[in-house]
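Take a look at the structure set out below.
The values are calculated or read from the model by the stated rules, or taken from the named source; none is laboratory data. Small disclaimer: the values here were computed from a predicted structure and weren't measured. Here the Cβ is made from the backbone with ideal geometry for all residues, glycine too, and neighbour counts use every protein chain on show. Just so you know, the surface numbers come from the protein's heavy atoms only, side chains and all, with ligands and any DNA or RNA stripped out. Shrake-Rupley method; radii C 1.70, N 1.55, O 1.52, S 1.80 Å.
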Amino acid sequence: PAIITPAETLTYAQLAERVNRIANVLTGELGLLPGNRVLLRSANNAWMVAAYFAVLKAGGVVVATMPLLRAKELGQMLRKARITHALCDARLADELRKADAPDLQHLVTWGDGQLEAMCAEAAPDFTACDTAADDVCLLGFTSGSTGEPKATMHFHRDMLAICDGYAVQVLRPEPSDIFIGSPPLAFTFGLGGLVLFPFRVGATAVLLERAPPEDLPAAIARHKATVCFTAPTAYRIMAGMAGA
């Protein structure tokens, strides 16, 4: 499988079909044009991953946001990046709806059946937008702890460079590897460690919406995970629990 979550398991073929259906929804019903910015908002789950790749495949620019952000911070990002479209987990939509976002034209949610119904009507095939290696595909916002968040621009080639540089040379994952961890996919650390690195070699990603250090060791054992991405503080806590 490509993705294992508590809610569902998807093969690469199933994930690719979901990506294509979302891309068709974006470019068809929602009128997405290449270069439009799309805000994504969710905990770590299969729909978030599919939405990520759908935006990229449609030629859009992903702006992923941390689930904990409130309307004020979301508004700063929405205005700065002039975001026109948003795909959001229904459980996190309230703060997004409250945000001051004059450019936002479309907000579609999943988990409540809205995006799911649109995808069910959409075609399962999609021809990828003809993007260039140095087209922007991701805006990674800083936390804004020292003022307004700043956006860092990432190109399509950057997504592959971290896979073929760090992952291939240092991690050296195999298709049989099972990745697990705690960082949100809105962090580029989480995107690389839990999505891009395993997918580049055809490995499996275990995505958990909550993975505190108290729960992660049991999840590692349950899924027989071989590669873990988390923070130094979490490793310290887990090391203290190792005896149990």
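Please compute the per residue accessible area over the chain with all protein chains in place, 1.4 Å probe, rounded to a whole number of Å². Before the final figure, lay out the partial values.
On the way: 11600 Å² over 244 residues.
Each residue of the chain exposes 48 Å² on average to a 1.4 Å probe.
How large, in percent, is the carbon and sulfur part of the accessible surface of the chain at a probe radius of 1.4 Å? Please list the in-between numbers first.
Values: 6450 of 11600 Å².
Answer for the chain: carbon and sulfur cover 56 percent of the accessible area.
Which whole-number percent is the relative contact order of the chain (Cα, under 8 Å, 6+ apart)?
Numbers: 433 pairs, mean separation 47.3, N = 244.
Relative CO of the chain lands at 19 percent.
Which lysines have a Cα lying under 24 Å from the Cα of K57, excluding residues fewer than 8 positions away in the same chain?
Here the lysines satisfying the reach criterion relative to K57 are K80.
List the extent of the Cα atoms of segment 95-184 along each of their three principal axes, largest first, rounded to whole Å.
Projected onto its principal axes, the Cα set of segment 95-184 covers 43, 43, 32 Å.
What does the convex hull of the Cα atoms of segment 1-101 come to per residue, in Å³, rounded to a whole number? Don't jump to the answer; show the numbers that get you there.
On the way: hull volume 8.9 nm³, N = 101.
Per-residue hull volume (Cα only) is 88 Å³.
Taking the Cβ of A101 as the center, what net charge do the other residues with Cβ under 13 Å away carry, scoring Lys and Arg +1 and Asp and Glu -1? Please list the in-between numbers first.
Details: positive: R37, R41, K72, R79, K80, R82, R97, K98; negative: E73, E95, D100, D103.
In short, +4.
Let me see the P(r) profile for the chain: every Cα-Cα distance counted, bins of 5 Å, each bin given as a percent of all pairs.
Each 5 Å bin holds this share of Cα pairs: 1, 6, 14, 17, 20, 18, 13, 7, 3, 1, 0.
Specify the longest stretch of the chain that does not include any exposed loop site, a site being one of the GluC sites (Glu not before Pro) with a non-H, G, I, E, B DSSP assignment and at most 13 other Cβ atoms within 10 Å. Numbers along the way, then the final one.
Values: sites that count: E8, E29, E214.
The longest uninterrupted stretch comes out as 30-213.
By how many nm would the segment from A242 to T226 grow when fully extended, if each residue of separation counts as 0.36 nm and the alpha-carbon distance is taken off? Provide the component values of the computation, followed by the final result.
Values: separation 16, 0.36 × 16 = 5.76 nm, distance 1.62 nm.
Result for the pair: 4.1 nm of gain on full extension.
Could you calculate the FRET efficiency of R172 with K150 from 1/(1 + (r/R0)^6), where r is the beta carbon distance between them and R0 is 45 Å, rounded to 0.05? Numbers along the way, then the final one.
Numbers: r = 33 Å, r/R0 = 0.74.
With R0 = 45 Å, the Cβ-Cβ based efficiency is 0.85.
Loop-only trypsin sites (Lys or Arg not before Pro) in segment 1-106, please: DSSP not H, G, I, E or B, and at most 13 other Cβ atoms within 10 Å. Don't skip to the answer; put the middle values down first.
Numbers: sites: R18, R21, R37, R41, K57, R70, K72, R79, K80, R82, R91, R97, K98; in loops: R70, R82.
Loop-located and lightly packed - R70, R82.
Quick one: angle between helix 46-57 and the longest Cα principal axis of the chain, in degrees between 0 and 90, rounded to 10, please.
It works out to around 50 degrees.
Using the Cα gyration tensor of segment 67-136, with a ≥ b ≥ c the square roots of its eigenvalues, what is the shape: rounded (a/c below 1.5), prolate (a/b larger than b/c) or oblate (neither)? The partial results should precede the final answer.
On the way: a/c = 2.49, a/b = 1.21, b/c = 2.06.
Oblate, since a/c reaches 1.5 and b/c is not below a/b.
Enumerate the calculated ³J(HN,Hα) couplings along segment 59-75 in order (Karplus 6.51 cos²θ - 1.76 cosθ + 1.60, θ = phi - 60°), each rounded to whole Hz, writing x wherever the residue is Gly or Pro.
Per residue, the Karplus-derived 3J(HN,Hα) values read x, x, 10, 7, 10, 8, 10, 5, x, 7, 5, 9, 4, 4, 5, 4, x Hz.
Can you list residues whose amide H is under 5 Å from G181's amide H, if they're 5+ apart or on another chain and H is modeled 1.01 Å from N?
Amide H neighbours of G181: L208, F229.
Taking 1 over the mean of 1/r across every pair of different Cα atoms in segment 135-228, what Kirkwood radius in Å do you get?
Details: mean 1/r = 0.0697 Å⁻¹.
Computed over Cα pairs of segment 135-228, the Kirkwood hydrodynamic radius comes out at 14.3 Å.
Consider just the alpha-carbon atoms of segment 170-225 and return their Rg together with their Dmax, both in angstrom.
Considering segment 170-225 through its Cα atoms, Rg and Dmax are 10.9, 30 Å.
Is the C-alpha gyration tensor of segment 4-48 telling us rounded, prolate or oblate? Criteria: a/c under 1.5 is rounded; beyond that, a/b larger than b/c is prolate, otherwise oblate. Numbers along the way, then the final one.
Details: a/c = 3.10, a/b = 1.65, b/c = 1.88.
Taking the square roots of the gyration eigenvalues as a ≥ b ≥ c, segment 4-48 is oblate.
What distance in nm lies between label points placed 7 Å from Cα along the C-beta direction at A7 and V201?
According to this spin-label approximation, the distance is 2.9 nm.
Provide the FRET efficiency to the nearest 0.05 for the A133-L33 pair, computing r from the beta carbons and using R0 = 35 Å.
Efficiency at R0 = 35 Å is approximately 0.95.
Mind pulling the per residue volume of the convex hull built on the Cα atoms of segment 128-180? Å³ is fine.
Numbers: hull volume 7.5 nm³, N = 53.
Considering the Cα atoms of segment 128-180, their hull volume per residue is 142 Å³.
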